[in-house]
Amino acid sequence: MIKKETVGWIGTGVMGSSMCGHLLQAGYKVNVYNRTQAKAQDLVDAGAQWCSSAADVAAQSDYIFTILGYPHDVEEVMLGESGVIQNARKGSFIIDMTTSTPALAEHIHDIAVKQGLYTLDAPVSGGDVGARKGTLAIMVGGDQTNFDRVQPFFAIMGENIAYMGGPGKGQHTKMSNQILIASTMIGVVESLLYAYKAGMSLHEVIGVIGKGAASSWSINNLGTRIADGNYDPGFFIKHFVKDMRIALDEARRMGIALPGLALAQQFYTSAMALGLENLGTQGLYKVFEQLNGLNG
């Protein structure tokens, strides 16, 4: 059954395509735009309406979702003259699901309110698998009443959905998430590199330690990809480096030291220097292989 509300979706990358697809399957009319049109073709084939710009999406949609790469992308798409806020209809809801800066989320909120628009910052965690399965964690900042209105859409895309407070608080929660993942990934790759050097089956090791006190999403999902030799991106290294940079900038602003995060960022920056930026975050394993002379 076609729902009355019209959804706009901007950004159909590794995660956005699946997330938008769930809304389409749920019966919503969807207007879609992506910088590279070919990446939205599957959604168009499934019934989404292609729009030629973010402005066109905004002008034709009641609920406008964005999931982009970097904060500067968010700023351009949201605040540019041909962007969402300048072209959205009064009373529309604008939900940015990009991992971006808390300050930008607050700024977008302040401008949108003056235009009679409602905003939420709602970054997600769970990678490509969570996006495909509709099991994402969604961390939401903004006004409670706006969250209540948009929550049915979130429920289609995710399972662990939490309202975290005012504008920017969704982004702050995502930073906490990324800080934890950053150091955890060092443990994952060191653990598996040790097991490899000891002559163990990585799959068998993961089968044991992935069920005990060392269990984590990263070892069971990304560790298994390492064991399979699969470095395809569920989440790009280049985007993770961006996230760590945001978290470190916020930490400096708050006057706190996060040496574990700083160390992880250095390793991932090394991955970028090695040309691995388009691999998934499990590609950190290749950096540690090179550090130990095990890459060939």
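The values are calculated or read from the model by the stated rules, or taken from the named source; none is laboratory data. Predicted model, so just to flag it, every value in this text is computed and none were measured. Cβ placement follows ideal geometry from the backbone for every residue including glycine, while neighbour counts extend to all protein chains displayed.
Consider GLU204 carefully, then state whether it is closer than 21 Å to LYS286 by Cα, of a type in the set (Asp, Glu), in contact (Cβ under 8 Å) with a residue 24 or more places away in the chain and not in a loop (DSSP other than H, G, I, E, B).
Spelling it out, it is not the case that GLU204 is closer than 21 Å to LYS286 by Cα, of a type in the set (Asp, Glu), in contact (Cβ under 8 Å) with a residue 24 or more places away in the chain and not in a loop (DSSP other than H, G, I, E, B).
In segment 151-167, which residue that is more than 15 Å from the chain's Cα centre (by Cα) and crowded, with 19+ Cβ neighbours inside 10 Å is nearest to LEU261 (Cα to Cα)? Ranking the candidates gives MET164 first.
Screening VAL113 against (1) outside any helix (DSSP H, G or I); (2) hydrophobic (A, V, I, L, M, F, W, C); (3) without any contact (Cβ under 8 Å) to a residue 40 or more places away in the chain leaves a single unmet condition, (1).
Filter segment 10-45 down to the residues that are among the polar types (S, T, N, Q) and under 21 Å from GLY127 (Cβ atoms), then identify the one that is surrounded by the fewest Cβ atoms within 10 Å (Cβ to Cβ). Give the steps one after another, and end with the answer.
In the first step, residues of segment 10-45 are kept if they are among the polar types (S, T, N, Q); the result is 12, 17-18, 25, 31, 34, 36-37, 41.
Checking the rest, the ones that are also under 21 Å from GLY127 (Cβ atoms) come to 12, 17-18, 25, 34, 36.
On the way: THR12: 27, SER17: 22, SER18: 21, GLN25: 13, ASN34: 22, THR36: 9.
Here the residue is THR36.
Looking at the structure I just gave you, is GLY187 closer than 24 Å to SER176 by Cα and either touching a Cys at 6+ places or on another chain (Cβ under 8 Å) or at pLDDT below 95 (or both)? Answer is no for this residue. In segment 158-168 there is at least one residue that is of a type in the set (A, V, I, L, M, F, W, C), modelled with pLDDT of 95 or more and touching a Phe, Trp or Tyr at 6+ places or on another chain (Cβ under 9 Å). Selection of first residues in segment 75-93 that are over 18 Å from ASP143 (Cα atoms) and in the same structural domain as LEU104 (by TED's automatic domain parsing) and of second residues that are at pLDDT 95 or above and in a loop (DSSP other than H, G, I, E, B), restricted to Cβ pairs under 7 Å at least 6 apart or on distinct chains, gives the following pairs, ordered by first then second residue: VAL77/LEU68; SER82/SER53; ALA88/LEU117. Per this entry, ALA213 is not counted among residues that are farther than 30 Å from VAL287 by Cα, outside any strand (DSSP E or B) and more than 16 Å from the chain's Cα centre (by Cα).
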